[in-house]
1. Let me confirm something: among E232, E266, E242, E252, which residue is of a type in the set (D, E, K, R) and surrounded by 23 or more Cβ atoms within 10 Å (Cβ to Cβ)?
2. Could you grab the pairs with beta carbons closer than 8 Å, sequence gap of 6+ or different chains, first residue in the stretch 79-101 and closer than 18 Å to G260 by Cβ and within 16 Å of ligand 4 (Cβ to nearest atom), second one of a type in the set (S, T, Y) and part of a loop (DSSP other than H, G, I, E, B)?
3. Looking for something more than 30 Å from Y133 (Cα to Cα), out of contact with any helix residue (DSSP H, G or I) (no Cβ under 7 Å at 6 or more places or on another chain) and aromatic (F, W, Y) - is there at least one such residue anywhere in the stretch 8-15?
4. Output the number of residues of the stretch 45-63 satisfying the condition of being more than 15 Å from G92 (Cβ to Cβ), under 13 Å from the mean Cα position of the chain (by Cα) and not in a strand (DSSP E or B).
5. Filtering the stretch 1-22 down to residues that are in a loop (DSSP other than H, G, I, E, B), surrounded by fewer than 24 Cβ atoms within 10 Å (Cβ to Cβ) and not aliphatic (A, V, I, L, M), which residue is nearest to ligand 1 (Cβ to nearest atom)?
6. Could you tell me which numbered condition S27 fails, if it satisfies all but one of (1) crowded, with 24+ Cβ neighbours inside 10 Å; (2) part of a helix (DSSP H, G or I)?
7. Determine which member of the set F223, F291 is surrounded by 14 or more Cβ atoms within 10 Å (Cβ to Cβ) and part of a loop (DSSP other than H, G, I, E, B).
Amino acid sequence: MSIVDTELQKILAWPQRFDLHTHSHCSDGKYSPKELVAYARSKKVDILALTDHDTCNGLDDAILAGKENDIHIVTGIEISTLWHSNQIHIVGLCIDHHHPKMEEFIRMQYVKREERAKEIGRKLEKCGFHNAYEETKAMAGDGACITRGNYAAFLYEKGAALTMDRCFAQYLAEGCIGYVKPKWEDIPTAVKVIKDTGGIAVIAHPGRYKMNNKWLRRLIVDFKECGGEAMEVSGTMQQPAERDFLANLSSEYGLYASCGTDFHREKSYVDLGCNLVIPEKATPIWCHPKFKLEV
Ligand code: AMP
Ligand code: MN
Ligand code: MN
Ligand code: MN
């Protein structure tokens with residue numbers, strides 16, 4: 001049972017620390033959902049969304065751990081899409097993750113991710129990284145959705161480069177030896193499955209797509225046209241000027257503003273729940289009538 005209406009309004013009336021974009025080992029995060037929730041509590045996060053790449057496998061455990069740790073959980077997913085050859089991530093919040101349409105979509109994405117992961121593995125084998133696919137799978141949670149982030153962790157473990165970022169840049173980024181072009185669905189398909197399962201669609205980390213303003217505005221227009229309702233305005237590794245710019249865009253286009261760290265693991269410059277502020281001119285996503293907490 002989710003918390004709705006009057007009780008929800010009471011909770012949201014307090015100053016709360018929200019982190020609405022995080023990962024567990026069900027995709028490319030370090031922690032299990034249970035560990036992630038406990039870690040969030042230690043970081044004084046009050047309201048946490050788990051948004052693994054193309055899977056909802058961790059949500060039931062996160063909800064359970066939310067009850068044990070006295071922290072509110074929001075259901076979520078981060079769906080990979082293609083838009084004019086750009087890999088755009090769409091976060092879905094407050095979804096019914098057991099809805100048959102979501103389960104079917106996830107099954108389809110899982111097949112695509114497995115095919116791609118095996119192909120990346122074969123390419124890395126050729127560079128001398130034996131059992132790349134098998135070892136990468138073994139490092140993640142059971143049945144995890146494997147991303148290039150998992151392969152970056154594997155390569156780092158093998159000492160392929162000094163940092164995970166460098167492993168990514170040298171082996172996995174577009175044009176590199178281990179790169180495999182993805183075959184994701186388009187944005188309308190992602191938005192539809194999110195909305196059909198009761199959720200709110202959010203453009204993830206709009207500042208990270210290396211697009212100029214014209215293209216970012218085009219993205220927002222296309223996203224809105226198919227029913228998208230929110231965008232991330234506040235994230236980590238962000239200059240105040242970028243946050244301000246995104247807040248202006250969200251109010252100009254009438255999109256609700258979300259905030260999340262995109263936490264995968266501790267880094268010196270990013271931690272769960274830290275540095276998230278939504279400027280006053282933007283309307284926070286928790287004001288959306290469909291916003292709800294699971295526990
Ligand atoms: P994929 O969806 O399989 O193309 O993988 C995307 C994921 O790779 C992102 O969600 C990140 O977790 C990870 N990633 C992207 N850039 C980097 C980087 N520079 N270093 C480490 N991981 C990265
Ligand atoms: Mn990731
Ligand atoms: Mn992303
Ligand atoms: Mn993410």
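Readers should treat all values here as calculations from the given coordinates under stated rules, not as data from a laboratory. As the structure is a computational prediction, the values presented were derived from the model and not from experiment. Cβ atoms come from the backbone with ideal geometry, glycine included; neighbour counts cover every protein chain shown.
1. E232
2. I88/Y209; V91/T51; G92/T51; G92/T197; L93/T51; L93/T75; I95/T75; I95/T197
3. yes
4. 0
5. Of everything passing the filter in the stretch 1-22, R17 is nearest to ligand 1 (Cβ to nearest atom).
6. Among (1) crowded, with 24+ Cβ neighbours inside 10 Å; (2) part of a helix (DSSP H, G or I), S27 violates only (2).
7. Step by step, each of F223, F291 is checked, and only F291 is surrounded by 14 or more Cβ atoms within 10 Å (Cβ to Cβ) and part of a loop (DSSP other than H, G, I, E, B).
Here's the yes/no breakdown for (1) within 16 Å of ligand 2 (Cβ to nearest atom); (2) of a type outside the set (G, A, S):
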{"site": "L162", "(1), (2)": "no, yes"}
{"site": "C167", "(1), (2)": "yes, yes"}
{"site": "I194", "(1), (2)": "no, yes"}
{"site": "M211", "(1), (2)": "no, yes"}
{"site": "E229", "(1), (2)": "no, yes"}
{"site": "G235", "(1), (2)": "yes, no"}
